[in-house]
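Next up is a structure, given as structure tokens.
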Amino acid sequence: MAELSPVLKQATPVLAARGDGVHLYDEDERRYLDFTAGIGVTSTGHCHPRVVEAAQQQVGTLIHGQYTTVMHRPLLQLTERLGEVLPAGLDRLFYVNSGSEAVEASVRLARQATGRQNIVAFHGGFHGRTMGAGALTTSGVKTRAGIGPMMPGVVFSPFPEAYRHGCSEAEAVRFALTELDHVLATASAPADTAAFIVEPVLGEGGYIPAPPEFLAGLRERADRHGALLIVDEVQTGVGRTGRFWGIDHAGVRPDVVLTAKGLASGFPLSAMAASDELMARAWPGSQGGTYGGNAVAAAAAVATLDVVHEEGLVANAAEQGDRLAEGLRKVAAEHPVIGDVRGRGLMVGNEFTTGDGKPDTAGAARAQQAAAERGLLLLTCGPHANVVRMIPPLVVTTEQVDDAVSIWAEAVEAAMT
Ligand code: PMP
């Protein structure tokens, strides 16, 4: 009998039969609070009626339009709608299917537009698993081990990690920017540096918000050296952090925004946004794809943006995120194994650390498992998988947040005794 490849690692033993809002149900109708949201994807909750209706309607009308052959209305509508929420001036859109592909697209654009080769990425960043996006990824060695050389022309610089280095955020920023200047003086000459790519909140790398001063420092250096600033909003975008874009917390202007995950509530869709002037420097026809901008995914994305707007989900993410973090900090205060609780909006991580300050991977796994047994689904992240992260759908309610916190408190208690 054929089985799935063991290369896939399943975080929970659940066989999901159906989803409804913040809940998943298994085949025996056991209900789980889903604080994974399909890795931050089901922004409007599982099977939001508006998204279901839009997708069903589109399935019966036109499934596949193929945007390099014909254009279709859902993609035009989505483009118009994204234009209303993107940073001013970033009103040229390009669509593919996944976060990785959007990242790949931005590398192509940056190289063509600048005539330069190198991309500076930051330690702990996750940008995907294809050989280009994977080359930019250092969130954990499992994504690289045994795979060999990936895309050349990638240079790494530190991300400000105050907790890991036991320093203040200001010191971490100063260190990271000093190292970036050093990288530009030693490893990647400004004349060779096409772009910086950064996550506004380091995601897979451990849920570490980028301090605004760090992002401002990148902007300043990008301007000074003629490089582009690409923000990878694949996980942080579409309201996840309590602002529409993660970069909005810093008030920094990006040159390129990448979005995926929460954009279409579960349909595969990603987008790259840049200015007219920048996109015009790409070679026509040098990017594309068979499925990019699929009509059903685009219709689902339009419905997603409607729901995010009409149900005030960005504000809800900010409010519920604060409540969640506050609850989790109370749990951490009683369990020294949780050394740090941090995040932005509904992207919150609990870092497990042993008494001597080492990553406690086993403790995090036990707590995650104990939570799943109690009906709360969670994921880990960080280079040592010792950060238990919470990314519920943006529709999560106060009661659901409170339930999750009390299940978490029990799970941590059970895991540590
Ligand atoms: N960038 C970021 C910030 C991500 O979090 C992810 C996925 N976790 C990706 C890129 C890659 O997206 P995908 O898995 O859709 O290729």
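Need pairs with beta-carbon distance below 6 Å; first residue acidic (D, E) and within the range 267-293, second away from the ligand (no atom under 16 Å from the Cβ); sequence gap 6+ or separate chains.
D276/R92
Select from the range 80-108 the residues that are assigned to a helix (DSSP H, G or I), within 16 Å of the ligand (Cβ to nearest atom) and open to solvent by 20 Å² or more (accessible area, probe 1.4 Å) and list them in ascending order.
Correct list: S100, E101, E104, R108.
Between a first residue in the range 153-177 that is more than 17 Å from R221 (Cβ to Cβ) and modelled with pLDDT of 95 or more and a second residue that is among the charged types (D, E, K, R) and open to solvent by 60 Å² or more (accessible area, probe 1.4 Å), which pairs have beta carbons less than 7 Å apart while being 6 or more apart in sequence or on different chains?
From residues that are more than 17 Å from R221 (Cβ to Cβ) and modelled with pLDDT of 95 or more, the pairs are A162/E169.
With (1) out of contact with any Lys or Arg (no Cβ under 7 Å at 6 or more places or on another chain); (2) within 16 Å of the ligand (Cβ to nearest atom); (3) open to solvent by 20 Å² or more (accessible area, probe 1.4 Å) as the list, and I230 as the residue in question, which single condition is left unmet?
(3)
Does any residue of the range 209-220 turn out to be open to solvent by 20 Å² or more (accessible area, probe 1.4 Å) and aromatic (F, W, Y)?
Scanning the range 209-220, I find no residue that is open to solvent by 20 Å² or more (accessible area, probe 1.4 Å) and aromatic (F, W, Y), so the answer is no.
A further question on this structure: Go through the range 370-410 and give me each residue that's part of a loop (DSSP other than H, G, I, E, B) and either in contact with a Gly (Cβ under 8 Å, 6 or more places away or on another chain) or crowded, with 24+ Cβ neighbours inside 10 Å (or both).
Scanning the range 370-410 gives L378, G382, P383, H384, A385, N386, I391, P392, P393, L394, V395, V396.
The values are calculated or read from the model by the stated rules, or taken from the named source; none is laboratory data. Since the structure is predicted, the reported quantities are computational estimates derived from the model, not experimental observations. Virtual Cβ from ideal backbone geometry, glycine too; neighbours counted across all protein chains shown. Note: areas computed on protein heavy atoms with side chains; ligands, DNA, RNA excluded. Shrake-Rupley method; radii C 1.70, N 1.55, O 1.52, S 1.80 Å.
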